[in-house]
1. Checking the conditions here, which among VAL91, VAL130 is touching a Ser or Thr at 6+ places or on another chain (Cβ under 6 Å), open to solvent by less than 40 Å² (accessible area, probe 1.4 Å), among the β-branched types (Val, Ile, Thr) and in contact (Cβ under 8 Å) with a residue 12 or more places away in the chain?
2. Only one of ALA147, ALA118, ALA140, ALA134 is within 14 Å of GLY30 (Cα to Cα) and small (Gly, Ala, Ser). Can you tell me which?
3. Do we have GLY84 as assigned to a loop (DSSP other than H, G, I, E, B) and crowded, with 18+ Cβ neighbours inside 10 Å here?
4. Take ALA59 and decide whether it is touching a His at 6+ places or on another chain (Cβ under 7 Å), in a strand (DSSP E or B) and at pLDDT 95 or above.
5. Could you count how many residues in segment 7-42 are modelled with pLDDT of 85 or more and open to solvent by 60 Å² or more (accessible area, probe 1.4 Å)?
6. Checking GLY44 against (1) part of a strand (DSSP E or B); (2) touching a residue at least 24 places away in the same chain (Cβ under 8 Å), only one condition comes out false. Which one?
7. Which is among the small types (Gly, Ala, Ser) and at pLDDT 95 or above, of GLY84, GLY145, GLY115?
Amino acid sequence: MRRLRFLLAILSLLCAGEAAAQAEPALSKGQTLYLPVYSHVYQGSFDRKGNADKLLLSAMISIRNRDPKRAIRVTSARYYDTDGRLLREFVAQPRTIGPFGTIELFIERHDDSGGSGANFAVAWEADASVNPPALEAVHAALEGGRAVMFTTTGSPIRTDN
């Protein structure tokens, strides 16, 4: 009987977590989103000098307004390298994204300045509370008979600490 109660308690906790994950998203008037980006990945084996093969990747960054009624403004999209140094500001002036609209940014495959630990910090704002935007990167290396593609997803960070 104790085992049954224990299993029921675990099951109810799992179901509660699932319900919370499906709850309506919190609305916001703005935030900063962090997005991991890879200008390359290491793959293969180490050579005699201890270096792994480096596969260069392009990255398409997609900032998607998920609100069906209101526009948002992207106020900055800063690209940082593995060491946290600012490499480039992609949004020199605020850009408006209409309802269900998208802004795309692109890092070319030959540009490996970001390194394997590159990232974006994207700041956005809105006049009223809206559904926060989705922030994703699609990484690709398509050459010969080989294709490598994967995505990364942005998440909110606090910048006031």
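1. VAL91
2. ALA134
3. So GLY84 fails the test.
4. Taking the combined requirement at face value, the residue satisfies it.
5. Result for segment 7-42: 6.
6. (2)
7. Going through GLY84, GLY145, GLY115 in turn, the sole match is GLY84.
The values are calculated or read from the model by the stated rules, or taken from the named source; none is laboratory data. The structure displayed is predicted, hence computed values, not measured ones. In this analysis, Cβ positions are derived from the backbone assuming ideal geometry, glycine residues included, and neighbour counts consider all displayed protein chains. For the accessible areas, the whole protein counts, side chains as well, though only heavy atoms, and no ligand, DNA or RNA atoms are used. Shrake-Rupley method; radii C 1.70, N 1.55, O 1.52, S 1.80 Å.
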